[in-house]
Amino acid sequence: MGIAIGILIASFVACFYLSNTRFKDKKLIVWGIFIIFSFAPLASWLLSISYGVYEESGFAAMALMMVTFPIFLIVGVVILVKGLYKLKYS
């Protein structure tokens, strides 16, 4: 669990650094990619495993992971598409 938290923090810092030097449209693209490839799987795994340990149920952990991952993924795709749209029509 500590490795996943470390990877999540390191990728967040890298994304923050990359988006700090970009324009607004490219900033949204960077954050969308970060949410899709790093935040969605790691955050949903961390949340669901923590909940599963709390409830002492692996089924609860898997069910929560199956709910949270698509939600985070859709948020990332929306941010990425918004950035691509601004890039195209700006």
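Descriptive notes on the structure:
- Quotient of C-alpha Rg and 2.2 N^0.38 Å, computed over segment 1-63: 1.37
- Per residue of the chain, the DSSP helices (runs of n ≥ 4 H) give a summed -39500 (n - 2.57) that works out to -29500 deg cm²/dmol at 222 nm.
- With the convex hull drawn around the C-alpha atoms of segment 27-90, the volume per residue stands at 52 Å³.
- Annotation: extensible slack from Ile7 through Leu87 equals 25.9 nm (criterion: 0.36 nm per residue apart, minus Cα-Cα distance).
We did not get these values from a lab; they are worked out from the coordinates using the rules stated. Keep in mind that what you see is a predicted model, and the values were worked out from it rather than measured.
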